1. Which residue out of 201, 152 is within 20 Å of residue 57 (Cα to Cα) and either at pLDDT below 95 or among the β-branched types (Val, Ile, Thr) (or both)?
2. Looking at residue 114 and the list (1) closer than 21 Å to residue 148 by Cα; (2) under 21 Å from the mean Cα position of the chain (by Cα); (3) modelled with pLDDT of 95 or more, which single condition is not satisfied?
3. State whether one or more residues within the stretch 21-36 are under 30 Å from residue 264 (Cβ atoms) and in contact with a helix residue (DSSP H, G or I) (Cβ under 8 Å, 6 or more places away or on another chain).
4. Find the residue count for the stretch 251-269, including only residues that are in contact with a helix residue (DSSP H, G or I) (Cβ under 6 Å, 6 or more places away or on another chain) and outside any loop (DSSP other than H, G, I, E, B).
5. Scan the stretch 24-38 and give yes if some residue there is within 20 Å of residue 215 (Cβ to Cβ), under 17 Å from the mean Cα position of the chain (by Cα) and assigned by TED's automatic domain parsing to the domain that holds residue 162, otherwise no.
6. Answer with yes or no whether residue 110 is touching an Asp or Glu at 6+ places or on another chain (Cβ under 8 Å) and buried (at least 17 other Cβ atoms within 10 Å of the Cβ).
7. Starting from residues that are outside any helix (DSSP H, G or I) and of a type in the set (Val, Ile, Thr), keep the ones in the stretch 138-167 and report whichever is farthest from residue 108 (Cα to Cα).
8. Residues 89, 15, 45: which one is assigned to a helix (DSSP H, G or I) and without any contact (Cβ under 8 Å) to a residue 60 or more places away in the chain?
Amino acid sequence: MSDFRSDTVTQPTAAMKRAMMEAPLGDDVFGDDPSVIRLQETAAAMLGFEAALFAPSGTQTNLIALLTHCQRGDEAIVGQQWHTYRWEAGGMAVLGSIQPQPLEHQADGTIALADIEAAIKPDDPHFAKTRLIVMENTTGGKVLPLAYLREVSALAKQRGLRCHIDGARLFNAAVAIAEESGGDPVSVARDICTSYDSVSVCLSKGLGAPVGSLLLGSKEFIQQARRARKMLGGGMRQAGMLAAAGLHALQNHVQRLADDHANARVLAEGLAKLAASHPKLEGKSVAHTAQTNIVFFDVDAAVADDFLQHLATHGVKITAGTQRMKERAMKRIRWVAHLDVNRADVDRALQVVASF
């Protein structure tokens, strides 16, 4: 069985389990769990923030950020495909009475700066008050360029707005940039965060922890965010066992994300070759290049169901959704490389595709 559904399916390593079992515990709601405190302080120092807050999920840390930055009736500018808008159950609107202003993406995953500026509302009682610009990095496995992130934050400051990054896979973005520039991934991650008011980082995706995300910002921001976490039911008691896993992930699993990226590239290149020559897939499939650990493979709806069944029968787990490409419907299949997927799994998956 090879599970490419998501990097959320990883199992804790033996070393991570030991760290969890040996973690000193307190009560995080009272603010005295030493393992949670250490995780928060370590993450804040790594990414250049004053403070951090540990919470159960990235959905919650994003929502906490939105509730802390915005009031009822305020507006947040987001991308059409951002998780904060599309994949988090409408939380900002349902629970925060915050109006999302979704904008279309460019081919590289960015939102045009002119579109962002045009969406900022004037201070007029007819409109929701624009308060926040949200980025997502990575987005669909694509890395937002550092220069672009600087332009967005500069625009926000010019217009008196705040900026948040949904950095669920922030370290994947940092590793990808570092691979090109030859820099250090942690330093690059800090550079990504520079000039942003808050960032959410997931510990349970590529970093391999079983549970948890972090929200980072100023001391004042995190103090307010703690209240929102409590309101949302995110206050955990002896959370140090989970925090220890997150700390181990930050200290040991950042550099190894490069292995996931390499496996994703091999998978994408293999799928591209099969898409160009396979008797059932030629002309009916498109393999997209991989920048980080996510690969998309579009298959014509006419053969997609049989193809997906073939993968399932041979023990290859993936996720898929409908994607319209020009005049025809396609199934977009998502493959995610992670800690528990190795090169042998990739080679085997390609063999299964070839045998379709």
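The values are calculated or read from the model by the stated rules, or taken from the named source; none is laboratory data. Since we're looking at a predicted model, the values are computed, not measured. Every residue, glycine among them, receives a Cβ derived from its backbone with ideal geometry; neighbour counts consider all protein chains shown.
1. Values: 152 fails: within 20 Å of residue 57 (Cα to Cα).
From the options 201, 152, the qualifying one is 201.
2. So residue 114 meets the others, but not (2).
3. Step one: of the stretch 21-36, the residues under 30 Å from residue 264 (Cβ atoms) are none.
Within the stretch 21-36, none of the residues are under 30 Å from residue 264 (Cβ atoms) and in contact with a helix residue (DSSP H, G or I) (Cβ under 8 Å, 6 or more places away or on another chain).
4. Kept after step one, since they are in contact with a helix residue (DSSP H, G or I) (Cβ under 6 Å, 6 or more places away or on another chain), are these residues of the stretch 251-269: 254, 257-258, 263, 266-267.
Next cut, outside any loop (DSSP other than H, G, I, E, B) only: 257-258, 263, 266-267.
Residues flagged as in contact with a helix residue (DSSP H, G or I) (Cβ under 6 Å, 6 or more places away or on another chain) and outside any loop (DSSP other than H, G, I, E, B) within the stretch 251-269 amount to 5.
5. Within the stretch 24-38, none of the residues are within 20 Å of residue 215 (Cβ to Cβ), under 17 Å from the mean Cα position of the chain (by Cα) and assigned by TED's automatic domain parsing to the domain that holds residue 162.
6. Considered against the rule, which asks whether it is touching an Asp or Glu at 6+ places or on another chain (Cβ under 8 Å) and buried (at least 17 other Cβ atoms within 10 Å of the Cβ), residue 110 comes out as no.
7. Within the stretch 138-167, the first condition is being outside any helix (DSSP H, G or I), and the residues that meet it are 138-145, 159-167.
Okay, now just the ones that are also of a type in the set (Val, Ile, Thr), so 138-139, 143, 165.
Values: 138: 11, 139: 9, 143: 8, 165: 17 Å.
Checking each candidate, the answer is 165.
8. The conditions single out 45.
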